[in-house]
Amino acid sequence: MILLILGIILAIAAFIILGIDDLYEDEPISVGFRLCISLLIFIGFTILSCITSVPTGNTGVVVTFGRVEDYTLDSGIHFVAPWQTVKKMDNKTQIYDVELSCFSSDIQEVTIKYAVNYSIDKEHAQTIYKTIGENYVNTVMEPKVQESVKGVVAKYTAEQLIGQRGSLSAQVEDVLRIRLADYHINVVSTSLSDIDFTESFTNAVEAKQVAEQNKLRAKTEQEQAIIEANAAADKQRIKAQADADAAILAAEADKKVQQINADAAEYAGQKEAAILSNIGEQLTKYPGLREYYYFQAWDGKLPVTSIGDGVGIILDGVVKETEEQ
């Protein structure tokens, strides 16, 4: 639109200037030539005003005399009416950082640093421009982010906020995603970069942690002492049981050895009795065996014996007189 107006002004100015110069020329410039020059200037600027470009990552919103059209232009070169203007709406992923002071459920002041990665819905860029305007970040993003963060933080105590940062960030993102969707703003991701508490609360938390650590250490030492005492008692009990078991095994072994020895003696006696019985039977059955065994055991020497006169010697059941020496 500006180029069109500029073209009209320049065309009129060219027509007038050429007419003024004609007063000082010997050969005046015809009106038709002046009109052609002015028309060419007007047409050139009109063509230039019809050409517009939309950068990559932007959406063109077409405005005709202040009225937003229902269509948009993608990135690239486009031709529009010279009386139309094109507003560029950035549809790339952008980041919005905020640092705000909140209060937890136990009325502790908390400073939150929160970042939101967002992008506009390019198919509804004209709606955003029509209903919110180009400054939609300050108009919508800022109050919605603060409202969402403060609302979620107020559900937690200060101590819970310390250990549930991930849960807190996810809950804020869920709430913010729903609230910004009504304005055709997409939440890509969020991050809770920092949570800061007052100095007095931080000192109290540190003192509590120290006390908890001391308590835990004392409990651990007590449990270790109990474990060591139980281990010593178990060791004594196991040793006593092992000694008792060893004594029982030794006694049983001695008993078995005694039984084996008794059985061996009994067997030896039975064997000797059996041998003697068998020998007796054989001697009875075969009388000549007595002399056989006798001569088997005799070493061939006769006994030397001094006896008096008139003493008889029994040989084979016969009493014989000894000869006088």
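Filtered by the rule that a residue be under 16 Å from Thr111 (Cβ atoms) and either in contact with a Cys (Cβ under 6 Å, 6 or more places away or on another chain) or touching a residue at least 60 places away in the same chain (Cβ under 8 Å) (or both), the stretch 147-176 gives Lys150, Val153. Does Thr157 fit the bill of being within 30 Å of Val86 (Cβ to Cβ) and polar (S, T, N, Q)? Against the criterion (within 30 Å of Val86 (Cβ to Cβ) and polar (S, T, N, Q)), Thr157 does not qualify. Within the stretch 54-84, being modelled with pLDDT of 85 or more, surrounded by 14 or more Cβ atoms within 10 Å (Cβ to Cβ) and more than 18 Å from Asp121 (Cβ to Cβ) holds for Val63, His78. For Pro82, the conditions (1) outside any strand (DSSP E or B); (2) touching a residue at least 60 places away in the same chain (Cβ under 8 Å); (3) closer than 23 Å to Tyr136 by Cβ are fulfilled apart from (3). Condition (residue is within 18 Å of Asp182 (Cβ to Cβ) and among the small types (Gly, Ala, Ser)) applied to the stretch 102-118: is it met by at least one residue? Checked against the condition, which is being within 18 Å of Asp182 (Cβ to Cβ) and among the small types (Gly, Ala, Ser), the stretch 102-118 yields no hits at all.
Residue check: is Thr93 over 28 Å from Lys150 (Cβ atoms) and modelled with pLDDT of 85 or more? Full working, then the answer.
Details: over 28 Å from Lys150 (Cβ atoms): no; modelled with pLDDT of 85 or more: yes.
Here the answer is no, as Thr93 does not meet what is asked.
The values are calculated or read from the model by the stated rules, or taken from the named source; none is laboratory data. Note that this is a predicted model, so its numbers are computed, not measured. Neighbour counts run over all protein chains shown; Cβ positions are idealised from the backbone, glycine included.
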